[in-house]
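Values quoted throughout were computed directly from the atomic coordinates according to the rules given, and no laboratory measurement underlies them. Since the structure is predicted, the reported quantities are computational estimates derived from the model, not experimental observations. For neighbour counting, all protein chains shown are included, and Cβ atoms are generated from backbone atoms with ideal geometry for every residue, glycine included.
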Amino acid sequence: MAAEFAAAVPAVVLVLTMCIGAVVSSGAYVRVQDAAGEAARLSARGDAAESALSIAGAGASLQTWDSGEFRCALVSAPLVIAGLSTSIRAEGRSCALRDTDG
């Protein structure tokens, strides 16, 4: 009985670690998508889009470009799992209609 338990514990720990990593990764993708939407709206109004990077977290980067009558933004940030930065980056992309009033 003890041998089976000792063999099962590492597998359970591995599965739990993978589940926690998946939840953390999902949260990072939500944050960068939210930051991209905010950056696109700010940029479309003519405001500084860089202020939206605080939503995405440390190490986030921003690219903006025009696409017809839209102003688009791409935000990417490194995934940080258990305090360790990975080489994987989460990306979010969004576009907003440019303000033509002012």
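Would you calculate a helix-derived [θ] at 222 nm for the chain, using -39,500 (n - 2.57) for each DSSP H run of n ≥ 4 and dividing by the full residue count, to the nearest 500?
The helix contribution divided over the chain gives -16500 deg cm²/dmol.
Give me the base-10 log of I(q)/I(0) for the chain at each q in 0.15, 0.21, 0.23 Å⁻¹, Debye formula, one uniform scatterer per Cα, rounded to two decimals.
-0.64, -0.95, -1.05
Enumerate cysteines in the chain without a disulfide-compatible partner, where compatibility requires another Cys Cβ under 4.7 angstrom.
Result for the chain is CYS19, no neighbouring Cys Cβ within the cutoff.
Between helix 2-45 and the chain, what is the angle of the helix's C-alpha long axis to the longest principal axis, kept within 0 to 90° and rounded to the nearest 10?
Once rounded, the angle reads 0 degrees.
Whole-Hz Karplus ³J(HN,Hα) for the stretch 66-77, in order, using 6.51 cos²θ - 1.76 cosθ + 1.60 and θ = phi - 60°, x for Gly and Pro?
Taking θ as phi minus 60°, the curve returns 8, 9, x, 8, 9, 10, 10, 9, 10, 10, 10, 8 Hz for the stretch 66-77.
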